[in-house]
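Trainee: One structure follows; several queries about it will come next.
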Amino acid sequence: MSISEEISPKLIKFHDEAQDSSWSAVERSGILQVISNFNLAYVLLATYRVGIAQKLSDRKPFSPEALLEGISSYLGKHLLKYLLIHGLIQEEEGYLRATQQGLDMFSEPAMAQLGFYVESYGGVTSNISRLLKNEVCYGKDINRDGRSLGEHCATLFKEYHTPTVLAALKGIDAKRILDLGCGGGQFLIDACLKSDDLKGIGLDISEAAIDFARNLAQENGLEERLSFVVGDAFKPDSWTEECFSADVVSAVGVVHEHFRSGEDAVINILNTYAELLENGVKAFILGEPEIRYDLQKSDVDLYLVHIFTAQGYPRYREEWLALFDKTKLVCRNVYTRPDAGPRFNFFELRLR
């Protein structure tokens, strides 16, 4: 008899009805999937930040060494195994490539959507319990990440909204656009790349977002045609002089924040913008998200971050149209892409 046979352990299984029932309830609850998704979100964002996601998006096979170039080989190989388990990559003769689900997840729009919530608003949502107990105050103790927000919104805007806004501008003959709440400046950059005659000014309250926009403009060789300034979209009297040189004004995902002060506040700011049209601006393009309070297109998550960042809640299209009737502005056209990207409406507003 060998030594291993002499000391071979006996397997003893315990069964307890209460414990078994308790764990079944945990599995049935879906909480394990919530935990898995939570960790996967951070892993996916990490692959994007270290360059793995971009490589896998090329649809080519990579050796593990090539994927992990410049990265800790010990930690990296376990991260790749984690992605294998989740079915986002597959192994073929020692090489790794993304599965179709992986290609979809590693895409720039998907990573931007993820980064919007994890990076831009993560500092807020991770403090929900403290916000609920009034231990911290948004805007004072905690804030969303302006630079991250500008970066991810730039990607999403380019993918889903720029073509819509350009269609709205087609018949206006704009020469210089003032973009209020410009974020990372993607719209102005895309618009100028498509038209050699167009110039623009971007204004945003976040200095980090403006820095990002300036760098992006320089990368695209547009620093001579675009300028970006830090400013409050709701306080035109504080804008720099060049902001008033525009012949078209746009504001995307900005004005709804004023609903936190009530409907009259939104009416007043729209009437303030109407004064720009009275002084020669041809049109005001207002782009706004449309939350339908459901589980489609991450609407419930957009609703959540609006609650805990003290923003006014976005309105339905019909509610916006009714509100315009109370202002000096009239809506000529509504542009929307219902099946591409987060729900958004772009209202072409003129003087009544």
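Trainee: Any idea which of 120, 107 is farther than 30 Å from residue 178 by Cα and touching a residue at least 12 places away in the same chain (Cβ under 8 Å)? Reasoning before the result, please.
Mentor: Working: 120 fails: farther than 30 Å from residue 178 by Cα.
The unique qualifying residue is 107.
Trainee: Taking the range 249-286 only, how many residues are open to solvent by 10 Å² or more (accessible area, probe 1.4 Å), among the hydroxyl-bearing types (Ser, Thr, Tyr) and either at pLDDT 90 or above or under 25 Å from residue 338 (Cα atoms) (or both)?
Mentor: Here the count works out to 1.
Trainee: Take the residues in the range 307-350 that are among the basic types (Lys, Arg) and over 24 Å from the mean Cα position of the chain (by Cα), then tell me which one is farthest from residue 261 (Cα to Cα).
Mentor: Initially, the range 307-350 is screened for residues among the basic types (Lys, Arg), giving 315, 317, 326, 328, 332, 337, 343, 350.
When the remaining residues are screened for being over 24 Å from the mean Cα position of the chain (by Cα), the result is 326, 328, 332, 350.
Numbers: 326: 17, 328: 20, 332: 27, 350: 24 Å.
Here the answer is 332.
Trainee: Which residues, taken from the range 234-245, are open to solvent by 10 Å² or more (accessible area, probe 1.4 Å) and touching a Gly at 6+ places or on another chain (Cβ under 8 Å)? Talk me through it step by step, then tell me what you get.
Mentor: First, the residues of the range 234-245 that are open to solvent by 10 Å² or more (accessible area, probe 1.4 Å): 234-242, 244-245.
Across the range 234-245, the qualifying residues are 238, 239, 240.
Trainee: Also: Consider residue 130 carefully, then state whether it is under 26 Å from residue 35 (Cα atoms), without any contact (Cβ under 8 Å) to a residue 60 or more places away in the chain and not in a helix (DSSP H, G or I).
Mentor: Details: under 26 Å from residue 35 (Cα atoms): yes; without any contact (Cβ under 8 Å) to a residue 60 or more places away in the chain: yes; not in a helix (DSSP H, G or I): no.
Answer is no for this residue.
Listed here are the residues, each with its yes/no results for (1) in a loop (DSSP other than H, G, I, E, B); (2) surrounded by fewer than 16 Cβ atoms within 10 Å (Cβ to Cβ); (3) of a type outside the set (A, V, I, L, M, F, W, C).
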position: 113; (1), (2), (3): no, no, yes
position: 123; (1), (2), (3): no, yes, yes
position: 134; (1), (2), (3): yes, yes, yes
position: 140; (1), (2), (3): yes, yes, yes
position: 154; (1), (2), (3): no, no, no
position: 164; (1), (2), (3): no, no, yes
position: 178; (1), (2), (3): no, no, no
position: 183; (1), (2), (3): yes, no, yes
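Trainee: Taking residue 10 and the conditions (1) basic (Lys, Arg); (2) assigned to a loop (DSSP other than H, G, I, E, B); (3) in contact with a Pro (Cβ under 7 Å, 6 or more places away or on another chain), which numbered condition does it fall short on, given that it satisfies the others?
Mentor: (3)
Trainee: For the range 77-92, which residues satisfy the criterion of being in a helix (DSSP H, G or I) and open to solvent by less than 30 Å² (accessible area, probe 1.4 Å)? Walk me through it before giving the result.
Mentor: Residues of the range 77-92 in a helix (DSSP H, G or I): 77-85.
Residues satisfying the conditions are 80, 83.
Trainee: Any chance you could count how many residues in the range 166-176 are surrounded by 15 or more Cβ atoms within 10 Å (Cβ to Cβ), in a helix (DSSP H, G or I) and small (Gly, Ala, Ser)?
Mentor: Result for the range 166-176: 1.
Trainee: Cβ-Cβ below 8 Å, separation at least six or inter-chain, first residue in the range 262-281 and closer than 18 Å to residue 246 by Cβ, second in a loop (DSSP other than H, G, I, E, B) and open to solvent by 30 Å² or more (accessible area, probe 1.4 Å): which pairs?
Mentor: Between residues of the range 262-281 that are closer than 18 Å to residue 246 by Cβ and residues that are in a loop (DSSP other than H, G, I, E, B) and open to solvent by 30 Å² or more (accessible area, probe 1.4 Å), the close pairs are 269/234; 270/328; 274/328.
Trainee: Follow-up question, since we're still on this one. Test residue 58 against the stated conditions and say whether it is at pLDDT below 95, under 29 Å from residue 341 (Cβ atoms) and either exposed (fewer than 14 other Cβ atoms within 10 Å of the Cβ) or hydrophobic (A, V, I, L, M, F, W, C) (or both).
Mentor: Details: at pLDDT below 95: yes; under 29 Å from residue 341 (Cβ atoms): yes; either exposed (fewer than 14 other Cβ atoms within 10 Å of the Cβ) or hydrophobic (A, V, I, L, M, F, W, C) (or both): yes.
Yes: the conditions hold for residue 58.
Trainee: Give me the residue from the range 287-324 that is open to solvent by 40 Å² or more (accessible area, probe 1.4 Å) and closer than 14 Å to residue 348 by Cα and, out of that set, modelled with the highest pLDDT.
Mentor: Among them, the one singled out is 321.
Trainee: Restricting to the range 192-227, what's the tally of residues that are assigned to a strand (DSSP E or B) and open to solvent by less than 10 Å² (accessible area, probe 1.4 Å)?
Mentor: Pass one, the range 192-227, residues assigned to a strand (DSSP E or B): 199-204, 226-227.
If we keep only those that are open to solvent by less than 10 Å² (accessible area, probe 1.4 Å) too, we end up with 200-203.
Within the range 192-227, residues that are assigned to a strand (DSSP E or B) and open to solvent by less than 10 Å² (accessible area, probe 1.4 Å) number 4.
The values are calculated or read from the model by the stated rules, or taken from the named source; none is laboratory data. Treat the numbers as computed from the prediction; the structure is a model and nothing was measured. Note that each Cβ is placed from the backbone with ideal geometry, even for glycine, and that neighbours are counted across all protein chains shown. In case anyone asks, the SASA skips ligands and DNA or RNA and just uses the protein heavy atoms, side chains included. Shrake-Rupley method; radii C 1.70, N 1.55, O 1.52, S 1.80 Å.
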